[in-house]
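What follows draws every value from the coordinates through simple rules; no lab data is involved. Bear in mind the structure is a predicted one, so any value in this text is a computation, not a measurement. Neighbour counts are summed over all protein chains in view; Cβ atoms, including those assigned to glycine, are modelled from backbone coordinates with ideal geometry.
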């Protein structure tokens, strides 16, 4: 029903009744009209409008989270990528595989562009494991990975504060 060679997806492209659309590599059943593309912007807008659930009461230390927020927006540099009210720059830019701190750099190239987007962080506390390939089991693991691979130089207490802020989102 669908084929997109950019990402290596082919689902029954030779099935009788499939006709190529105006887009190379895309096949549409029952006609040649693309019924999807013009709806993608509205779908993304809807997805981004859904409010993330609040963290459970007592699940983070508010004082440490405030210190962590200052680090997030300052010395740790997180806000350079995780910006705006959704904490993502996904609508502004994509990133090359070399920019990921995930273990599996090939994983992030499995997109149509070979690039990856910055994950929105709202509700992050409920979505382990972390990073594009799931290689960070906990928020602490993720912060440690960024601290090491990006050479940020945070102390143990500052990493802990940053984790508390991430739990708050």
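Between residue 59 and residue 148, full extension at 0.36 nm per residue minus the direct alpha carbon distance yields a gain of 29.5 nm.
Label positions at residue 127 and residue 92, each projected 7 Å from the Cα along the C-beta direction, are separated by 1.8 nm. A straight line joining the Cα centroids of region 106-140 and region 46-80 runs 17 Å. Extension gain for residue 109 to residue 47 (0.36 nm times residue separation, less C-alpha to C-alpha distance): 20.0 nm.
Extension gain, residue 38 to residue 155, is 37.3 nm, computed as 0.36 nm per intervening residue step minus the present C-alpha separation.
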